[in-house]
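Heads up: the structure comes next, in structure tokens.
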Amino acid sequence: MANIGTVGDGDFESKVLKSGTPVLVDFWAEWCVPCHMVSPVVEEIGNEKAGLAVAKLNVDENPQMTMKYGVMSIPSLILFKDGEETARVVGARPKDAILKEIDPHLAA
């Protein structure tokens, strides 16, 4: 797994949109309890899925990307592939529900 770590308004394009591999971005905030519940699940998915990178974006610190992608509720997980949004999971969901949404987009 390529764990990108944190991304923000300034490096989102270079780290996510121009990435050679799909990137699952976790839109979250420090005060969001469900975000803290989903975070280890996202990390686990990133560790298990070859060819998938994961990144976290704090919505309070990065309003431009949050607004650009219309993130209205957090946690929101958005999968980007070839610079485009290909899947979105909103809310705290179990691992199998997240995989069900993103797996079809990871297949070559």
Kindly check whether there is at least one residue in the stretch 32-40 that is over 13 Å from the mean Cα position of the chain (by Cα) and surrounded by 18 or more Cβ atoms within 10 Å (Cβ to Cβ).
yes
Does residue 56 meet the test of being closer than 25 Å to residue 96 by Cβ, of a type outside the set (Ser, Thr, Tyr) and at pLDDT 95 or above?
yes
Residues to consider are 78, 45, 102; find the one that is more than 13 Å from residue 3 (Cα to Cα), of a type in the set (A, V, I, L, M, F, W, C) and either modelled with pLDDT under 95 or out of contact with any Asp or Glu (no Cβ under 7 Å at 6 or more places or on another chain) (or both).
102
Of these, 25, 90, which one is aliphatic (A, V, I, L, M) and touching a helix residue (DSSP H, G or I) at 6+ places or on another chain (Cβ under 7 Å)?
25
Any chance the stretch 72-91 includes a residue that's under 15 Å from residue 29 (Cβ atoms), more than 11 Å from the chain's Cα centre (by Cα), not charged (D, E, K, R) and not in a loop (DSSP other than H, G, I, E, B)?
no
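Taking the stated definitions as given, is residue 10 in a helix (DSSP H, G or I) and not aliphatic (A, V, I, L, M)? Talk me through it step by step, then tell me what you get.
Working: in a helix (DSSP H, G or I): no; not aliphatic (A, V, I, L, M): yes.
Against the criterion (in a helix (DSSP H, G or I) and not aliphatic (A, V, I, L, M)), residue 10 does not qualify.
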Residue selected from the stretch 1-31 under the condition charged (D, E, K, R) and more than 11 Å from the chain's Cα centre (by Cα), by the criterion surrounded by the most Cβ atoms within 10 Å (Cβ to Cβ):
15
For the structure I just gave you, tell me whether residue 106 is of a type outside the set (Val, Ile, Thr), in contact with a Gly (Cβ under 9 Å, 6 or more places away or on another chain) and touching a residue at least 12 places away in the same chain (Cβ under 8 Å).
yes
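The values are calculated or read from the model by the stated rules, or taken from the named source; none is laboratory data. Here the structure is a predicted model, which is why all the values come from computation and not from measurement. Note that we place each Cβ from the backbone using ideal geometry, even for glycine, and neighbour counts take in every protein chain shown.
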